[in-house]
Amino acid sequence: MTRPQDNTVPRPHKPSLWRTVKAVAWGFFGVRKHSEYQEDISRLSPLHIVAVGFVAVLVLIAVLLALVKFAVST
């Protein structure tokens, strides 16, 4: 008995929140392997990257403001 050949096109992976957060975090540091960068481009949604990047910038600003308030108050 022979198996029928599977001629279906592989579906792209669904973008995950954790993978998007990791890609944005590595982008903040500016270091990333080219192969992983290419994989992120093929898997992640640009809208998700922009949204996570915007939230990351807001978190960074909040942390910096908290550090400044702490340093000034002591």
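A few points about this structure:
- The trypsin sites (Lys or Arg not before Pro) of region 12-74 meeting both criteria, a DSSP state outside H, G, I, E and B (loop) and at most 15 other C-beta atoms within 10 angstrom of the site's C-beta, are Arg32, Lys33.
- Proximal lysines to Lys14, defined as alpha-carbon separation beneath 17 angstrom and excluding residues fewer than eight positions away on the same chain: Lys22
- Shape call, region 17-73: gyration tensor on alpha carbons, a/c limit 1.5: prolate
- Counted by neighbouring Cβ atoms within 10 Å, the residues Ile49, Ile41 run from fewest to most as Ile41, Ile49.
Rule-based calculations on the coordinates, nothing more; no lab input. Source: prediction; values computed, not measured. A quick note on method: Cβ atoms are made from the backbone with ideal geometry, for glycine too, and the neighbour counts reach across all protein chains shown.
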